[in-house]
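For reference, the structure discussed in these notes is given below.
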Amino acid sequence: MKKSIIAVLLLFAGTMVMSQTTDDYLEIMRSVLKTEKKAAIAEVMAFNDQEAEVFWPLYNEFNEKMYTIQSKRVKIIKDYAANYSNMTDEKADELWTAALNFKQESLNLTKQYYKKFKKILPASKAAKYFQAENKIATMIDYELAAEIPMIETEQHRDHEIIY
């Protein structure tokens, strides 16, 4: 993968530009990531002209639908941040259920499009593409996991832990 993808991901997790709102900053980062991801996919896949001609329209279709699903994830993260200091059991349950629904929706779309990609590419190339998608998603997940704090339970908020 291109090293620039890692740089973009680090920017994604970094501090915000003061003159931008959170949403503006997020959209800028998503746009940069989209461009860098497409370049990385092109490099990894090394398509001939015929493959490229059929691949990129389906790639764009898949990524537009995935963008909508990923927007739900962004909403969940924002909701988590807004409720972090006053997290209730009910809110934690609501957020975790939403996160599970996001993952299931993402998996369902990936399964659906894997079948579509296998119709236009050999299975090995379709699998390679989704392997690259998975690697990029894993890098994003890693950055998010490193930046998003764990829920503080009542036990940890109210009582000091003695070792």
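Numbers below:
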| read-out | value |
| --- | --- |
| Residues that are loosely packed, with under 13 Cβ neighbours inside 10 Å and within 24 Å of Asn101 (Cα to Cα), drawn from region 45-70 | Asn60, Glu61, Glu64, Tyr67, Thr68 |
| Options Ala81, Ala42, Ala13: the member that is surrounded by 12 or more Cβ atoms within 10 Å (Cβ to Cβ) and modelled with pLDDT of 95 or more | Ala42 |
| Filter result (modelled with pLDDT under 95 and hydroxyl-bearing (Ser, Thr, Tyr)) within region 117-161 | Thr138, Tyr142, Thr153 |
| So Thr22, is it modelled with pLDDT under 95, hydroxyl-bearing (Ser, Thr, Tyr) and in contact with a Lys or Arg (Cβ under 9 Å, 6 or more places away or on another chain) | yes |
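The values are calculated or read from the model by the stated rules, or taken from the named source; none is laboratory data. Just so you know, these numbers come straight off a predicted model, no measurement behind them. All Cβ positions, even for glycine, are placed from backbone atoms using ideal geometry, and neighbour counts span all protein chains on display.
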